[in-house]
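The values are calculated or read from the model by the stated rules, or taken from the named source; none is laboratory data. Just so it is clear, the structure is predicted and the values come from calculations on it, not from any experiment. Virtual Cβ from ideal backbone geometry, glycine too; neighbours counted across all protein chains shown.
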Amino acid sequence: MKFSGKHRPVLLAAAMLTLAALIVCPLSQAESAKDTIKIGGIFSVTGPASFLGDPEKKSMELAIEEINAAGGIDGRMLEGIIYDTEGDPSKAVSSIGKLINRDKVTAIVGPSLTPTTLAVVPIVERAKLPFVSCAAGNKIVEPIKP
């Protein structure tokens, strides 16, 4: 199924809700005592792919705002931490490192493009974090990994 650009914000909101569901299930008691759930986002907010990344960023911010306005997840508010990759795979790798190691996010949404996604997939897999890419390249999902 092919989606037009106007569907990307809806798909991103659906991805955020999916991540929220994934986050709630594996929370340990130590994690549930924390005040907020940090969700990382890396998008091509500026640069040649900003027509994708800027709406993705705004969609994530809106989804977080709406989830928090409805009481959060099990009473815990979401905090979005977003970095701009500018569509550059090396900046995507750097941003993923910051999200995982410094910001200690629970899940990650993005990147906007197939090349930036392919650059970060091995890092996110090693970290064993829920990850929803906004890109749509076949190389991202093939071969299927259990």
Reported set for the range 126-146 where residues are closer than 26 Å to GLU79 by Cα, in contact (Cβ under 8 Å) with a residue 12 or more places away in the chain and outside any loop (DSSP other than H, G, I, E, B) is ALA127, PHE131, VAL132
I need the helices (runs of 4 or more DSSP H) fully contained in the range 6-108, keeping only those with at least 3 residues that are at pLDDT 60 or above and surrounded by fewer than 17 Cβ atoms within 10 Å (Cβ to Cβ). 50-69, 89-97
Of the residues PRO115, PRO122, PRO111, which single one is assigned to a loop (DSSP other than H, G, I, E, B) and either of a type outside the set (Asp, Glu) or buried (at least 19 other Cβ atoms within 10 Å of the Cβ) (or both)? PRO111
Of the residues ILE100, ILE64, ILE81, which is more than 15 Å from THR36 (Cα to Cα) and not aromatic (Phe, Trp, Tyr)? ILE100
